[in-house]
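First the structure, in the form of structure tokens, and then the observations on it.
Please treat every number below as a calculation from the coordinates, not as lab data. Keep in mind it's a predicted model, so treat the numbers as computed, not measured. Glycine also receives a Cβ, built like all others from the backbone with ideal geometry; neighbour counts cover every protein chain displayed.
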Amino acid sequence: MFPFNFEWVWDMAHVIFFGGFWYAISILGAGLTYCILKAAYDTFKGGGESHHHH
Amino acid sequence: MNKNDKKAHKFGMVIDLDKCTGCGSCMVSCMSENNVPFKEDESNKKDSITWMRVYKLTNGKSFPETEIVYLPRPCQHCGGKGDHGHSPCVSVCPATATDYGYDTGIVSQIYTRCFGCRYCMGACPYHARYFNWWDPKWPEGMEKYLSPDVSPRMRGVVEKCSFCYHRYQAAKDKAYYDGREDIEENEYQTACTTACPAGAIVFGDLYNPAHRVHEIVKPDPHPASINSTVVGKSRNPNVFRLLERLGTNPKVYYLSEREWVRKAGDNYLAGEWDKIKNHHGSESHG
Amino acid sequence: MKVDRRSFLGLGLGAVAGISVSPVILKLTDDSSIWTQNWPWTPVPVDGEVSYVSSVCSLCPGSCGISVRKIDDRPVKVEGLDEYPINDGGACLHGISILQYLYDPARIKTPLKKKGDKFEEISWDDAVSMVAKKLSDIRSAKTPEKLACIIDKDQGSVSGLFKRLMKSFGSTNLYTMPSFESYLELTAAALHGKGTTIGFDLENSDFVLSFGAGVIEGWGSPVSCFKANASRKERGAKLYQIEPRLSNTAANADKWVPIKPGTEADLALGMAAVILKKNLFDAAAAAKFKGGFNKLAATLQNDYSLSKTSEITGIKETDIEETATLFAKAKMPVAVFGKGRGDGSQSLKELIAVHSLNCLVGSINRKGGAFIQPVKNYLEFPEESMDDAAKEGIAKPKFGQYVHDLFEKVNVSSQPAVEALFVYQSNPCYALHDTKTIKQAFGKIPFVVSFSSFMDETAGEADIILPVHTFIERLEDIPSGAGLAKMVVGLSKPVVKPLFNTKHPGDILLLIAKALGGSIGKNFEWASYDKCLETVAGSIWKSLSKSGHAILAKGVPEAPPEVDMTFLAGNPASVQSNGDGDLMLIPIDNMRLPSSAPAAAPFSIKTVSDEVLKGKDTVVEINPKTAGSLKNYDYVTLTTPVGTAKVMINLNDGMMPGVIGMVKGLGHTFDNKYVSNKGVNINDLIGPVIEPGSGVDAAFGIKVKISRA
Amino acid sequence: MDSALIPEGAKRCAFPKFALGIAIVGAVVLWGVYAMGLIWWKGLNQTNMNDNYGFALWIWADLAVIAVGGGAFFTGLLKYIFKVDELKNIINFAVIIGFICYSSALLILAIDIGQPLRGWFIFWHANVHSMLTEVAFCLSCYFAVLTIEFIPNILENRQANKVPFFHHLAHNMHGVMAVFAATGAFLSFFHQGSLGGVAGVMYGRPFAVREGLLIWPWTFFLFTWSAAAFGPCFTLLVTKITEAVTGKKLVKDNVVHLLAKISGWMITTYIIAKIIDTIYWATVTVPGLGLDIDHFYSNNAFYGYWILFTEIIICGVIPGLLLIMKSTRENPTLRLLAIILGVIGVCLNRWVMVLQIMAIPVMSFDTWALYIPSWQEVATTVLPVAYGIILIAVTYRYLPVFPQEKELNAVQPVTETE
């Protein structure tokens, strides 16, 4: 899973597999982080209950 | 270790089915050597751990034409398609708990790594893999006979024949201690081989022409002409492997002078055997 | 701060979040997996110094050399001993399982005394004095013959000590359990004179004609036979197997000749007739036959013509003629007998008839043939001093020649015929035919003393149990026998210190003799059994202690023995089976299941096929034609004149139609869940059939009725 | 008593009635949990699995719920990437069904493995060559995606939405949902495929093995395709059941017709591929290994040709055709028949690709292995179903799952159940 696990080999299979995996994880992480930070910002700015439905 | 390493071995076995008496010594020697547990009812053979299992085969004819033969089945230590080490089980294990030793050709099982998904068992057409459905339990005091060379397996993991790998390690250690580069043929023999009272099992290095197993099997180093995934086919017309056509490339060979026995080693379409049998083992490349 | 619902929720969420980001979860995850890798209830064998101890196995008469691997004090693995003259490295599954016997849950851990239906623990002193008191009482009553004794075998120093005790005591009622060796000696006695035995030179024979002998199923000395059989291919030797079912031996043989059960003697005589008629016999040898050979030859031509033999045995005339001819024309043929393991009931007529073939073709004391030689008495016990009671006692006749005669006598007598019975290392309540009557006899004996390591069926019937060391806990001489061509005495050694409060059987006898005192005590004045063995083994002790074995005889014996045809010339009748069922039930000896003491080890039971044992049921073999509409694993009830049993069936094309085969060695009832309460003991279904002329129990099977259960 | 939590303007049954329903299904859950506890405590000896049947009922259930849960990723893909906007009216529900399916799948895996406490080794000691590794990674990641997709719907609960942070979070997550959906589709493609690969790469098992493209056997693509094809059938089926139970129309016909049409075309194309695959396997692959396909279908009463016929024709060709033809698609009865057949078909396919593989002997002297699950296996397999019912009931009651509900049920109040 990580390069420090002893099964890890720097071969094509690992690069593709974990490349894909960490890429997906990064997108999900970044997306979530963005949403949370933005929500915190919006809350702090006090948009509040104003626009109820989208 | 690299597979092209000069010191690499390919340990294998040839079992003479005409000599095998079905006595069961190999099974018990294996169980005793490898701390295989037992339970109250072992008559359901589908949940009975027998790394070495002796199958009974019949020719299917009725009295008095009936014939039977016994076929001991350890783990076949498959080299996988093209003998590249991608055994059916090793290639599917998600947690690298079973591994192919390129220096020995032995398929290992790491019990503390296995988390019991059993995919390897499904992938193995030989039923050579066994799951610990129960906690291993010995009657009070009997655990004293357990050997420290092989750790008893906990519930919930898969186990199988290791070609008595601990014996290889011990032999290697001794050779190292004696200042020798490599081990002798008789220094590393599996528990089933040494126990067989009929001497039906021959074990050794399939790469080493001086070893008896090589003399009997005469493995063809080239891929078979009809199926390029098959490597190491025997050039002895009486020697066969189980399910050779699948391309699993087992390192366990069988020997029999009886045609129906050799035929039972694999699947053949109607009429196919008669075409193949004369051909069998004759694909010599010298 | 007031904790309202909202802040409580908040706190909770905060705590969860906090724990999630802290290393606690990771640590717990890691620790829990490490815990599963080291579950305290999964044993971890302790490592230590490796050593090997050589010894000899005495689980069966095979007497193989074994090598025991030890880690410090713990034996961990048993293997065949390389270069041992009998087995040369090979081992059978039972020998490899020895350590399971050592730690058997049914081991008797201390002397026991029966109280009601239960046993209570007693001290050795109490146990020995109770036995001594009972024995003294019997002697005081001047009925020393009312002490009877059953031992497992005739040879060896422990048997010697039992015999010595019985003789000193004044009783002739010492019996051995039937064994292959006992049948060999009976056969040899009839043909070649008393005190001789037979060995078969299988490893050199080029044509083995087996009358149901399970050459690779535990017959004789099993590992030695496996080896001889395995070398057949290289030597170009042939094996012809004659028996009603496709046994492993039949399957491995060059030819299987199915025969109607119980007609083996007739076939042997029919073959003899062919050999005589075709002049294929060794005329020079035959010229020296005594006891009416000419009369026998005439009877054979008359009663055992090809057509008659064929009719009796169900074998085609051409097969009989061809097999007899091949046998007679082979260079080094040998005919072997003793169905199955050779230790079950056998007809002496059959054994003699088969062995006569060896005599006819001149295969006696010839390479690859049958070796006739005197039973070697290698132990030198000093002459017993006998008091008057003893002298009077041994003048009285024995109840009978065989162990079944003893039980017959006990059962028919209204007064106790036997006051006290010693049973050493044998299990008559399980292993003899019609176990019900055997147990009934045990009930009629007031005082039964068991010398056993395991709480088996017979030990369970005892009043006092004097537990003995298992053989890997003790020193003992182990003589070979069981049809081996060579005669070897091995030394069984204490590989491990005794686990429990048990004693060496020899030492127990020393204690009992000492407690009895007088001339009996004098006859046992050794400091210990070990000292006794060293003394009585005399000339071979050095070899025994140094190399672990001594070879008493090997190679072809020189002097040709006499051949006396009297028994057959009397034209004895063949044994018939009891009952009125349509089918014949015959016992099957299975290599993976011992049929007598001790019972199978858990490992051996584990290897038993599900076509033999399924769950708690015995599976019997039946030909599909005989089974009719019955299917595999259907339940049926078997009914014989002796008993009934519910079993499953296995449709087996290798079984002769009209015959049902049931394995021996199942149906134990003692307390070991891995081994007991599995299947049926065939001896509950078969009763003894006493052979006229020989007096042996010669039941080869029994008529049986089968019905769907 | 819980009216404050119920979406504004929605009619729901009385709380005691709801609670009673939950309690009944909850009893089934408890039964399942008890069985699960037994299995974790005593081990897999509580099942009727054995060394021949290492994969059994659970793995089938696992594969089946993942297949039918494929409606979530495929609907998401259509809605967010291909911009099929009508599907916004069913996407919430598709996500919830997917969430139930995938959480069930993970739970089943946690019961199924012999050493649950070491389950994470599949990640930590990953063997990247194993299809199962790929399954585990993609499955877990995709479950995270489903959770992310589910969160905004939860936050839209009337009370939760009053919290400004939650309100903003839900809003923002909707904003970037396309990114999550794309990632989900990518992950789904691989784990659905890898589940097919699990069977296809078993070259020791002639019944399972398939040739393929690079490292992927044909079953890889067939599984992905079939999940995308039949997943929407399951979404529609559960919607139909929910509508029947609540006695309300929740999704407009045009949305249903659209999804059914897409599903129909997917099924039809899939089944053509499946037929080609089967013919190639039966006439080239299997004979090449010395076997006649009769070997797989003629030993016992259960595994006969009927299973092949049912899977491909009755539960493949027929629903495909019913759904691509406008007349049959828009006939409620025939549409329902088609989606039921479709769901059965994909489940049957997964059964065949797990249990039949295990049952068939490969060595000439081996025997068929038939197996009947133990009650513990049945209980733990029923557990996710009961849990799913509860989750649907709770979400339906408290969350605005169906955007069209208010509009469709505005006129007169209808008798409601839970």
Legend entry - Partners for A:K38 among lysines (Cα-Cα distance below 22 Å; same-chain residues under 8 apart left out): D:K162
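Have a look at the DSSP beta bridges in chain C and tell me what percent are antiparallel, nearest 5.
On the way: 51 of 90 bridges.
Of those bridges, close to 55 percent are antiparallel.
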Inset, instruction - State which entries of C:K255/C:K367; B:K144/C:K133; B:K275/C:K238 exceed 28 angstrom in Cα-Cα distance in the structure shown. - result: B:K144/C:K133; B:K275/C:K238
Inset, instruction - Could you list which residues have their amide H under 5 Å from that of C:V680, counting only those 5 or more apart in sequence or on another chain, with H placed in the peptide plane? - result: C:T618, C:G667
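Order these by the 10 Å Cβ neighbour count, fewest first: C:R245, B:R73, D:R12.
Details: C:R245 25, B:R73 22, D:R12 19.
Ordered from fewest to most neighbouring Cβ atoms within 10 Å, C:R245, B:R73, D:R12 come out as D:R12, B:R73, C:R245.
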Inset, instruction - Return the aspartates and glutamates within reach of B:K174: Cα separation strictly under 16 angstrom, same-chain partners fewer than 8 residues apart disregarded; answer none if there are no such residues. - result: B:D149, B:D182, B:E184, B:E185, B:E187, C:E49
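Provide B:F115, D:F221 in ascending order of the number of other Cβ atoms located within 10 Å of each residue's Cβ, fewest first. Before the final figure, lay out each step's value.
Working: B:F115 25, D:F221 22.
Exposure proxy ranking, most exposed first: D:F221, B:F115.
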Inset, instruction - Whole Å is fine, so just give me how far the alpha carbon centre of the range C:255-331 lies from that of the range C:556-610. - result: 21
Legend entry - From phi via Karplus (6.51, -1.76, 1.60), per-residue ³J(HN,Hα) for the range B:110-124 in Hz, x at Gly/Pro: 9, 5, 6, 9, 4, 10, x, 7, 6, 5, 4, 5, x, 6, 8
Inset, instruction - Evaluate peptide B:214-223: per residue, the Cβ atoms of other protein chains within 10 Å of its Cβ; return the mean as an integer. - result: 0
Inset, instruction - Could you please rank C:W219, C:W256, B:W273, C:W41, placing first whichever residue has the fewest other Cβ atoms within 10 Å of its Cβ? - result: C:W41, B:W273, C:W256, C:W219
Legend entry - Degrees separating the helix D:177-200 axis from the principal Cα axis of chain D, which is the longest one: 20
Inset, instruction - Enter the mean number of other protein chain beta carbons within 10 Å of the beta carbon of each residue in B:132-139, as an integer. - result: 6
Inset, instruction - Please give the calculated 222 nm ellipticity per residue for chain C, where each DSSP H segment of at least 4 residues contributes -39500 (n - 2.57) and the sum is spread over every residue; nearest 500 deg cm²/dmol? - result: -10000 deg cm²/dmol
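What does DSSP give for the protein assembly as shown in terms of the percent of beta bridges that are antiparallel, rounded to the nearest 5?
Details: 74 of 118 bridges.
About 65 percent, rounded to the nearest 5.
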Legend entry - Eligible lysines near D:K252 by straight Cα distance, threshold 19 Å, same-chain separation 8 or greater: D:K11, D:K79, D:K83, D:K88, D:K240, D:K261, D:K326, D:K406
Legend entry - 5 angstrom amide H check on C:L421, placed H, neighbours 5+ away: C:A148, C:F447, C:V448, C:V449
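A 28 angstrom limit on the alpha carbon distance is what I want to check against. Which of B:K218/B:K263; C:K115/C:K439; C:K295/C:K349; C:K227/C:K308; C:K163/C:K376; C:K153/C:K493 exceed it?
On the way: B:K218/B:K263 20 Å; C:K115/C:K439 18 Å; C:K295/C:K349 17 Å; C:K227/C:K308 37 Å; C:K163/C:K376 17 Å; C:K153/C:K493 19 Å.
Violating the 28 Å Cα-Cα cut-off are C:K227/C:K308.
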Legend entry - Number of partner chain Cβ atoms within 10 Å, mean per residue of B:243-252: 3
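Less than 9 Å Cβ to Cβ from C:D254, Lys/Arg counted +1 and Asp/Glu -1: what total charge do the surrounding residues give?
On the way: positive: C:R232, C:K238, C:K255; negative: none.
Net of charged neighbours comes to +3.
Which percentage, to the nearest 5, of the DSSP beta bridges contained in the range C:583-708 is antiparallel?
On the way: 17 of 26 bridges.
So the antiparallel bridges in the range C:583-708 amount to around 65 percent.
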